[in-house]
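> The structure follows.
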Amino acid sequence: MTRSVMRQMVQLVMRVVDNWLQMAMANKTKFLVLKPWLALYVVAFIFGASMYPALAQNAPQPVSPAINANPSVSANATALALANASVIANAAAAAHAANSANPANSLDAPSVSVDAHASSFTESLSTFVAEKTAPIPQDDADLWQRIRRGFAMEPLASPLVQDQEQWYATRQDYIRRFVERGSKYMYHIVEEVERRKMPTEIVLLPIIESAFNPQAYSRAAASGMWQFIPSTGTHFGLKQDYLTDHRRDVLLSTDAALDYLQKLYGMFNSWELAFAAYNCGEGCVGRAIAANQRKGLPTDFVNLNLPNETRSYVPKLIAVKNIILSPATYGIELNNVLNQPYFIKVAAPEKIDVKLAARLAEMPEADFSALNPAFNKPVAANTNYFLVPTAQAEVFKTNLDLYRSLNGPMVSWQTVTAKRGESIDRIAKRYGMTGSYLRATNIGIKERKGKITAPASFMVPMAKEAKIIDATLDMKESLRASAPPPANLASPSRLTAAVALASSAPVALIPAPQAGVEPPTVLSNASIPYSYQVQAGDTLFSISKRFGITVTALKQLNGIPENSLQSGQILKLLSDEKLPPNETLSNLVAAPVVVPTVAAVRAQPRASLIKVKAPPIQKYTVKRGDSLFAIAQKFDVSIDELRQWNKLTTKAVLRPGVRLRVS
């Protein structure tokens, strides 16, 4: 074979393969399919480069779509590529040297030595790989870049990965939806995963489990974003009771999922097997490994005999990872996710309507529930915190303080019980609800053919409290809207002025001194009186602000369990140790403190504001046959309120003739 014929053959092979590569890239063919052709191209390039230096200079360079599109190719991958290029070049040089040593097999010898050609090719290929794998500048504002940097799992050689890639690549709307939902939670998950030094592929697991839907519920009774079944949830400390299901709690379920995955990785020393066990259970994977060990077969994920769902589970995760690595390769437009916290924890009342909490946070109820999805009932009880967007944290705290200062009720639902066999629709009608609304507000009702299958407790609305809540919120908004911003205050705030108007007594809003006007006196700690007599319109909040004492301290000093006050009531403002000798509390009652206010606040028309008066206390004499449930129903209050107002324990027995407070 002459030199010219060999040159033409090599050039033809290289041209054909290069054209095919460009067509494949235009059609977004998967990189795994390109690998054999890339190998053929490199072999042709090596052979031509080692035989004829001119070919190395004139040959077109291959372009890998995966390398170009992947902004986070690691340094390890670059080093590996360069090492492989060197090995291939050296092998080609050795093969050519062997051919040259054998006159029967040698072709026309090139004018440049084999070693020089091999060295030249290695340098050329090294430059090419370095250019293609040079790290693209990272955009730290995009959380996806941070996630890509934490990927640690090896590629999975399985046709199922390509099938799953194709499935996701044809569903742009689905990807957009789970990215939109996940953007609320991913920053927190990334923080926790990095803190535990775990691979960030874990951040993508809720996509496979629930598409980042914290309310997801499966036929196998798995619940929440991480899809815990009841037994596994209980094992990892996720409480499930009448009021709450912590499998849906964003923070608690994430901690439990990471604990579980760490345990599984410790058992199998493989993230592929850990994820498989997360899907079908550690026992399932353990048995499959033992079966392969008995047969002398490999025990990696690809070779295990696992359930069909589990065999597709890990390829799904790897497919999503590949798409996140290089969305453009699959024709996907991946929306950025801000690399900053989306939510923050705020202190929650002991018990409050979920709807009321959302209104105080000034959020749609659906958005509030997406961050606080653990509640089975319309009342959030026994929780220490809520999650709210970072921008709404101060709004919630301030609105809650203002609402409390107006003595508005926190709960407008009460618990009732029903017997086995009662109709859902009949129970709902009894309390002015529809059956569907009763089901929606009481998750987990066990029923058959519209009748409950076991004695159950439900929450039903209390119309009177609901109206008071609405009126109190209206008053809150009126106060905020009506109060002009105090112009001469060091820290102007419309809400501060609104809180001021909520109290009937003047408030300490001190204007700046003016020429010829003596500034008003401000109460110092030394001048705080020992006690104070409550005036009409006073609240714990307004009194605490007036005297610089916290509401909690006022309650502790005076043994007040609730926020309600009565006109004429005497409150301690200082502890008994600070009383002067031979003085009693009644001798030291302070007159109502009058502090000058800003003119704009003093002139504010009060008639336009909505007045909310606490309902008068009502008493009821217990009759023979009465029960707390019957009395609560009669006066439209909850059993818990009756117990609290009358200091009744759960074992208390009602006796005829006893007087009970019922409002």
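> Return the only residue of TYR185, TYR217 being crowded, with 21+ Cβ neighbours inside 10 Å and among the aromatic types (Phe, Trp, Tyr).
TYR185
> So is LEU243 out of contact with any Pro (no Cβ under 7 Å at 6 or more places or on another chain), over 22 Å from ALA370 (Cα atoms) and among the aliphatic types (A, V, I, L, M) or not? Spell out the reasoning first.
Numbers: out of contact with any Pro (no Cβ under 7 Å at 6 or more places or on another chain): yes; over 22 Å from ALA370 (Cα atoms): no; among the aliphatic types (A, V, I, L, M): yes.
The answer is no for LEU243.
> Taking segment 393-434, which residues are of a type in the set (Gly, Ala, Ser), touching a Gly at 6+ places or on another chain (Cβ under 9 Å) and crowded, with 17+ Cβ neighbours inside 10 Å?
Pass one, segment 393-434, residues of a type in the set (Gly, Ala, Ser): 393, 405, 408, 412, 418, 421, 423, 428, 432.
If we keep only those that are touching a Gly at 6+ places or on another chain (Cβ under 9 Å) too, we end up with 423, 428.
Across segment 393-434, the qualifying residue is only ALA428.
> Hey, another quick one. Suppose the filter is touching a helix residue (DSSP H, G or I) at 6+ places or on another chain (Cβ under 9 Å) and either crowded, with 18+ Cβ neighbours inside 10 Å or on the phi > 0 side of the Ramachandran plot (or both); does PRO373 pass it?
On the way: touching a helix residue (DSSP H, G or I) at 6+ places or on another chain (Cβ under 9 Å): yes; either crowded, with 18+ Cβ neighbours inside 10 Å or on the phi > 0 side of the Ramachandran plot (or both): yes.
Yes.
> Starting from residues that are part of a helix (DSSP H, G or I) and free of Cβ contacts under 8 Å to residues at least 24 places away in the same chain, keep the ones in segment 642-663 and report whichever is surrounded by the most Cβ atoms within 10 Å (Cβ to Cβ).
Restricting attention to segment 642-663, the residues satisfying the condition of being part of a helix (DSSP H, G or I) are 642-646.
Subset that is free of Cβ contacts under 8 Å to residues at least 24 places away in the same chain: 642-643, 645-646.
On the way: LEU642: 20, ARG643: 15, TRP645: 16, ASN646: 15.
Taking the candidates together, the pick is LEU642.
> Return yes when ALA152 is open to solvent by 40 Å² or more (accessible area, probe 1.4 Å) and of a type in the set (A, V, I, L, M) and no when it is not.
Numbers: open to solvent by 40 Å² or more (accessible area, probe 1.4 Å): yes; of a type in the set (A, V, I, L, M): yes.
Judged against the criteria, ALA152 is a match.
> Here is a further query. When residues of segment 384-408 are filtered for being among the small types (Gly, Ala, Ser) and at pLDDT below 90, how many remain? Steps first, answer last, please.
Narrowing segment 384-408 to residues among the small types (Gly, Ala, Ser): 391, 393, 405, 408.
With at pLDDT below 90 added as a condition, the list becomes 405, 408.
Number satisfying all stated conditions: 2.
> Another question about this same structure. Take the residues in segment 218-249 that are of a type in the set (Ser, Thr, Tyr) and in contact with a helix residue (DSSP H, G or I) (Cβ under 9 Å, 6 or more places away or on another chain), then tell me which one is nearest to PRO378 (Cα to Cα).
So the first thing to find is which residues in segment 218-249 are of a type in the set (Ser, Thr, Tyr), and the list is 218, 223, 231-232, 234, 242, 244.
Filter once more, so that each one left must be in contact with a helix residue (DSSP H, G or I) (Cβ under 9 Å, 6 or more places away or on another chain): 218, 223, 232.
Working: SER218: 22, SER223: 18, THR232: 26 Å.
Per the criteria, the residue is SER223.
> Then there's this: Restricting to segment 445-462, name every residue that is over 19 Å from ASP353 (Cα atoms) and among the small types (Gly, Ala, Ser). Write out each step before concluding.
Within segment 445-462, the first condition is being over 19 Å from ASP353 (Cα atoms), and the residues that meet it are 445-456.
Selection gives GLY450, ALA454, ALA456.
> For segment 211-219, indicate whether the set of residues that are among the aliphatic types (A, V, I, L, M) and closer than 23 Å to ALA366 by Cα is non-empty. Steps first, answer last, please.
Quick first cut of segment 211-219, residues among the aliphatic types (A, V, I, L, M) only: 211, 216.
Still in the running and closer than 23 Å to ALA366 by Cα: 211, 216.
Among the residues of segment 211-219, at least one is among the aliphatic types (A, V, I, L, M) and closer than 23 Å to ALA366 by Cα, which makes the answer yes.
> Name the one entry in PHE386, PHE396 that is part of a strand (DSSP E or B), within 28 Å of ILE189 (Cα to Cα) and not acidic (Asp, Glu).
PHE386
> If I ask for residues that are of a type in the set (Gly, Ala, Ser) and farther than 26 Å from PRO230 by Cα, which ones from segment 271-307 would you list?
Selection gives ALA290, ALA291, GLY296.
> Specify the residue that is modelled with the lowest pLDDT; the eligible residues are those in segment 611-663 that are touching a Phe, Trp or Tyr at 6+ places or on another chain (Cβ under 7 Å) and of a type in the set (Val, Ile, Thr).
ILE639
> Say whether the condition of being in contact (Cβ under 8 Å) with a residue 40 or more places away in the chain and assigned to a helix (DSSP H, G or I) is met by at least one residue in segment 333-350.
No - not one qualifying residue is present in segment 333-350.
> Got a sec? Which of LYS316, LYS321 is basic (Lys, Arg), in a helix (DSSP H, G or I), closer than 27 Å to TRP144 by Cβ and touching an Asp or Glu at 6+ places or on another chain (Cβ under 7 Å)? Spell out the reasoning first.
Working: LYS316 fails: touching an Asp or Glu at 6+ places or on another chain (Cβ under 7 Å).
None of the other options fit; the residue is LYS321.
The rows are residues; the columns are (1) in contact (Cβ under 8 Å) with a residue 24 or more places away in the chain; (2) out of contact with any Leu (no Cβ under 6 Å at 6 or more places or on another chain); (3) part of a helix (DSSP H, G or I); (4) under 18 Å from GLN633 (Cα atoms).
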site	(1), (2), (3), (4)
LEU400	yes, no, yes, no
GLY408	yes, yes, no, no
ARG420	yes, yes, no, no
LYS429	no, yes, yes, yes
SER436	no, yes, yes, no
ILE443	yes, yes, no, no
SER457	yes, yes, no, yes
ILE468	yes, yes, yes, no
SER478	yes, no, yes, no
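> Any chance you could count how many residues in segment 283-308 are assigned to a helix (DSSP H, G or I) and open to solvent by 70 Å² or more (accessible area, probe 1.4 Å)?
Taking segment 283-308 first, the residues assigned to a helix (DSSP H, G or I) are 283-295, 301-303, 308.
With open to solvent by 70 Å² or more (accessible area, probe 1.4 Å) added as a condition, the list becomes 287, 293-295, 303, 308.
The qualifying residues number 6.
> Now, a different point. Among the residues of segment 223-230, is there at least one that is of a type in the set (S, T, N, Q) and assigned to a loop (DSSP other than H, G, I, E, B)?
Within segment 223-230 (the criterion being of a type in the set (S, T, N, Q) and assigned to a loop (DSSP other than H, G, I, E, B)), the answer is yes, since at least one residue qualifies.
> Something else: Please verify whether LYS355 is assigned to a helix (DSSP H, G or I), under 20 Å from the mean Cα position of the chain (by Cα) and not small (Gly, Ala, Ser), treating the condition exactly as stated.
Values: assigned to a helix (DSSP H, G or I): yes; under 20 Å from the mean Cα position of the chain (by Cα): yes; not small (Gly, Ala, Ser): yes.
So LYS355 fits the description; yes.
> Restricting attention to segment 246-282, and to residues there that are assigned to a helix (DSSP H, G or I) and of a type in the set (D, E, K, R), which single residue is nearest to LEU371 (Cα to Cα)? So that I can check it myself, show each step before the final result.
Here is the first cut: in segment 246-282, the residues assigned to a helix (DSSP H, G or I) are 250-268, 271-280, 282.
Now restrict to residues that are of a type in the set (D, E, K, R): 255, 259, 263, 272, 282.
On the way: ASP255: 16, ASP259: 21, LYS263: 27, GLU272: 30, GLU282: 30 Å.
That would be ASP255.
> Can you tell me which residue within segment 250-267, out of those that are out of contact with any strand residue (DSSP E or B) (no Cβ under 8 Å at 6 or more places or on another chain), among the hydrophobic types (A, V, I, L, M, F, W, C) and open to solvent by 10 Å² or more (accessible area, probe 1.4 Å), is nearest to PRO378 (Cα to Cα)? Walk me through it before giving the result.
Going through segment 250-267, the residues out of contact with any strand residue (DSSP E or B) (no Cβ under 8 Å at 6 or more places or on another chain) turn out to be 252, 254-255, 258-267.
Remaining after also requiring among the hydrophobic types (A, V, I, L, M, F, W, C): 252, 258, 261, 264, 267.
Those still in the list that are open to solvent by 10 Å² or more (accessible area, probe 1.4 Å) too: 252, 267.
Numbers: LEU252: 20, MET267: 41 Å.
Once the filter is applied, the top-ranked residue is LEU252.
The values are calculated or read from the model by the stated rules, or taken from the named source; none is laboratory data. Worth saying up front: this structure is predicted, and the values here are computed from it rather than measured. Note that each Cβ is placed from the backbone with ideal geometry, even for glycine, and that neighbours are counted across all protein chains shown. Quick note on the areas: whole protein, heavy atoms, side chains included, nothing else; ligands and nucleic acids left out. Shrake-Rupley method; radii C 1.70, N 1.55, O 1.52, S 1.80 Å.
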